[in-house]
Every structure is written in C-alpha cells, then in structure tokens.
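Asker: Submitted below is the structure of interest, expressed as structure tokens.
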Amino acid sequence: MTSHTAPRLGFRPGLEQIAAYRAGKPAPVGPDGLSAKLSSNENPYPPLAEVVEHLGRIVGDSVSRYPSIAAPELTAALAERFAVEPEHIVLGAGSVEVAAQLIHAMTAPGDEVMFAWRSFEAYPILTRVAGAVPVEVPLDAGARHDLPAMAAAITDRTRLIFVCNPNNPTGTVVSADELDAFLEAVPEDVLVVIDEAYVHFDVAPDSPNGVEVFRRRPNVAVLHTFSKAYGLAGLRVGYAIAPTEVAEALRKVAIPFAVTRLAQEAAVCSLRAEAQLQERIDVMIAERARLAAGLVAAGHAVTPSQANFVWLPAGAASATVAERLSARGISARCFPGEGVRISIGTPAENDAVVEALS
Ligand SMILES: *Cc1c(COP(=O)(O)O)cnc(C)c1O
C-alpha cells in the first residue's frame, strides 16, 4: 500500500461547494425477503424480450468498436416518431448528459440557470460544474412550478430555464395554458428546456405537449429519456429535440462516443415496440392511482402525481416514513424535513408500501 498524503494540487475554486449526485439507495432486505428499490424511478419491469435478444445478438461485435457518433438509425427513428428534422435531435448518455450539454453550450461563467426547487437534483450540480449560477425558484404551496415567480426572477444573466414537467420529485404538472403564458413572458434570447423525463406517465388532459411547443417557439427545447418509461436506465440514452442552432452547439460540447451502440440499438428496438411498452405504462399509471388511494386511506397526504412515483409531503415525519419503508425492505427517496418520493413498483411492491405505512 502506498501512503497517500493530501495532494498539493490546485483544485478549481468553488468545487468544494458542489455536492456529488446522490443516487437512489439500494433496497434493503425485509423480514419476509422483500427487497424493493423504489428510490430511483426506474421501471419495475425487465426490458422487452426482443430488446434483450437483439442486444445478445449484437454484443459480440459492438463492444470492441466505437459506436457511431451520429447514430443515424436512432436519430432517423426519433425524427420520424416526432415528425421533426433529424438535425433537431441530439443524443446523450442519458438525458442528464444532454442537460449538461445544454448548460455548457448556453452559459458562460456567472450566467444564470433557473429551475424550480425542489426539482431534479442534477440541475444545481450540473449548473455549478459548468461555472454558472443556479437560480432556484420555490415551488408553490401545491408543490407545483410557480411560473409567474419564475418569470419575475428572470434577469439579464438568465440564459437557460428548466421546466421539469412532470416535476421530479413532486409529480406535479403545469398546464398548457400556464406554460404558454410563461413562455410569452420569457425573452426570446433565453432558452426554455422542457424536461419531459416522465411525459409518458402524464395523462392530465390539459398538459402541454413539449414537442408541439418546440414547433411553435424558437427558444424551446425538449428533453426525453429512455430510462424511465422504456426501462433502459442502465444503458444510458436520452435526447434533446432542439432548434437547429442549439442542436449544433450541443453536438460541439457532447462527450464523443458517449452513447454506445448497445444503447442506440436498444432505443431503436424500443421505439418499434412502443405499443407493448404502452401496455406496461398503462399498468403503472393504474398502479399509481391504486397506491395513492391506499396511502390516502392510511392517512397520508399524497400530492397528485402524473409521473411514475408519488410524493408524500410528510415534512418533519419524512425520515420516519422512510424508516418504516426500509424496515419492510423498501428503499424510497427521502428529502428530510420535506417529503418522501416513492417510485411505482410492481403491484406486490406497491401493496407492501401501503402495508408498511398503514
Ligand atoms: C431521471 C431523470 C432524467 C434523466 O435520466 P437519464 O437516465 O439521464 O436519461 C432527467 N430529468 C429528470 C427530471 C429525471 O428525473
């Protein structure tokens, strides 16, 4: 073993203020053997058999070679799926990488990146890593984006605004009308990114369709991922649909070869199997209603969710809620003093959540 003294290297000033991303906890094992990881909003189902079979066929000759950076098949499939030009599509190793590309492409040190808070925990981290300044606008009393307050917080340093819809971790949505009124108030030189990681689970009739908003407005981009509804979190593939000039800038700051061929082809297979995937999504949406009703019947406040998780605004009791789940073999995401986010699992796992909290 070498003994290591503290290095005398010059780390970047400000780095000490950046917290490492906190990943969802692995699941503990409960007294009856149940072990349910409901802390990262992953899909409780395995990938489709045809996706697994296809990956098995190509793994032998795709791992020793670099993937295609242009990913022509996946790009074409997405362009067709959303009726946009291929030039609007930019891939990344998960949409979190694309979010980082957006911040790196749009901000200089000291520029502001705005988002609601609480929202996706990667936003402040990625913003600080890029040398930009996070501007966190509190959610309203219903744990929804306070879009008027966000509009009022725009300054001449604001370059980028994330609207997470549905919002992680609260599951709330903005309406199409609210979003339109907000976009009217945003200067045209500020890019608004609608992060639709959970859009497949959103069945609210008045929700905006991000891609449709992108088509109508020059300063809007949309983020999508294959991690949540399509169950490919471990393969890392997400994308932006963005104005041409933004897309070109994103490709410049992207990490070369970040999206593997396995990820590209699994995504193409998943787009072909959307009907089958939709059946699972429908089950998860029904389970969300059942889980929420069970928790409400057990006396918990549950924020109405359009995502694949529910939010319990448990306040000071949040840690206790998380401990009760943990004792049953379930990991959830606890934000001490605020609330607990519980991902939708299999029906048996959701039953166990209700039992543990009853
Ligand atoms: C999970 C999540 C993502 C991205 O996930 P990737 O696996 O990187 O595609 C992006 N935005 C939000 C709000 C998320 O919750």
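The values are calculated or read from the model by the stated rules, or taken from the named source; none is laboratory data. Quick caveat, the model's predicted, so the values are computed rather than measured. Quick reminder, even Gly has a Cβ in these numbers, built from the backbone with ideal geometry, and neighbours come from all protein chains shown. These accessible areas exclude ligands, DNA and RNA; they are computed on the full protein's heavy atoms, side chains included. Shrake-Rupley method; radii C 1.70, N 1.55, O 1.52, S 1.80 Å.
Asker: Which ones in the stretch 222-245 are open to solvent by less than 20 Å² (accessible area, probe 1.4 Å), of a type in the set (A, V, I, L, M, F, W, C) and touching a strand residue (DSSP E or B) at 6+ places or on another chain (Cβ under 9 Å)?
Answerer: Val222, Leu223, Phe226, Leu232, Val237, Ala240, Ile241, Ala242
Asker: State whether one or more residues within the stretch 290-305 are open to solvent by 20 Å² or more (accessible area, probe 1.4 Å), under 30 Å from Ser270 (Cβ atoms) and touching a residue at least 60 places away in the same chain (Cβ under 8 Å).
Answerer: Checking the stretch 290-305: at least one residue is open to solvent by 20 Å² or more (accessible area, probe 1.4 Å), under 30 Å from Ser270 (Cβ atoms) and touching a residue at least 60 places away in the same chain (Cβ under 8 Å).
Asker: On to the next question. Give the stretch 201-227 a look and list any residue that's farther than 18 Å from Val268 by Cβ and either within 11 Å of the ligand (Cβ to nearest atom) or part of a strand (DSSP E or B) (or both), or say none.
Answerer: Once the filter is applied, which keeps residues that are farther than 18 Å from Val268 by Cβ and either within 11 Å of the ligand (Cβ to nearest atom) or part of a strand (DSSP E or B) (or both), the stretch 201-227 yields Val220, Ala221, Val222, Leu223.
Asker: Right, another one. Restricting to the stretch 150-187, and then to whatever is hydroxyl-bearing (Ser, Thr, Tyr) and over 20 Å from the mean Cα position of the chain (by Cα), can you tell me which residue is farthest from Pro134 (Cα to Cα)?
Answerer: Only one residue tops the list, namely Thr155.
Asker: Looking at (1) touching a Leu at 6+ places or on another chain (Cβ under 8 Å); (2) in contact (Cβ under 8 Å) with a residue 40 or more places away in the chain; (3) more than 16 Å from the ligand (Cβ to nearest atom), can you tell me which one Gly238 breaks?
Answerer: Result: Gly238 passes all but (3).
Asker: Being assigned by TED's automatic domain parsing to the domain that holds Ala242, closer than 30 Å to Ser68 by Cβ, modelled with pLDDT of 95 or more and part of a strand (DSSP E or B) is the requirement here; does Leu91 meet it?
Answerer: Considered against the rule, which asks whether it is assigned by TED's automatic domain parsing to the domain that holds Ala242, closer than 30 Å to Ser68 by Cβ, modelled with pLDDT of 95 or more and part of a strand (DSSP E or B), Leu91 comes out as yes.
Asker: Determine whether Ala267 is at negative phi, in a helix (DSSP H, G or I) and open to solvent by less than 30 Å² (accessible area, probe 1.4 Å).
Answerer: Judged against the criteria, Ala267 is a match.
Asker: With the checklist (1) part of a helix (DSSP H, G or I); (2) assigned by TED's automatic domain parsing to the domain that holds Leu262; (3) open to solvent by 60 Å² or more (accessible area, probe 1.4 Å) in hand, flag the one item Glu16 doesn't pass.
Answerer: Evaluating Glu16 over (1) part of a helix (DSSP H, G or I); (2) assigned by TED's automatic domain parsing to the domain that holds Leu262; (3) open to solvent by 60 Å² or more (accessible area, probe 1.4 Å) leaves (2) as the failure.
Asker: Can you tell me how many residues in the stretch 188-200 are under 18 Å from the mean Cα position of the chain (by Cα) and more than 16 Å from the ligand (Cβ to nearest atom)?
Answerer: 0
Asker: What number goes with the only condition from (1) buried (at least 22 other Cβ atoms within 10 Å of the Cβ); (2) away from the ligand (no atom under 16 Å from the Cβ) that Arg157 does not pass?
Answerer: Checking Arg157 against (1) buried (at least 22 other Cβ atoms within 10 Å of the Cβ); (2) away from the ligand (no atom under 16 Å from the Cβ), the one that fails is (1).
Asker: Which residue, of Val129, Val133, Val137, is assigned by TED's automatic domain parsing to the domain that holds Pro218, touching a Gly at 6+ places or on another chain (Cβ under 7 Å) and not hydroxyl-bearing (Ser, Thr, Tyr)?
Answerer: Val133
Asker: For the stretch 69-110, name all the residues that are among the polar types (S, T, N, Q) and either within 16 Å of the ligand (Cβ to nearest atom) or in contact (Cβ under 8 Å) with a residue 60 or more places away in the chain (or both).
Answerer: Ser95, Gln101
Asker: Residue check, Phe115 against (1) free of Cβ contacts under 8 Å to residues at least 40 places away in the same chain; (2) assigned to a strand (DSSP E or B); (3) not aliphatic (A, V, I, L, M), all met but one. Which one?
Answerer: It fails just one condition, (1).
Asker: Identify the residue in the stretch 326-338 that is buried (at least 23 other Cβ atoms within 10 Å of the Cβ) and in contact (Cβ under 8 Å) with a residue 60 or more places away in the chain and, among all such residues, is nearest to Gly30 (Cα to Cα).
Answerer: In this case the residue turns out to be Ile330.
Asker: Okay, moving on. Only one residue in Val113, Val135 is open to solvent by 20 Å² or more (accessible area, probe 1.4 Å) and more than 12 Å from the ligand (Cβ to nearest atom). Which one?
Answerer: Val135
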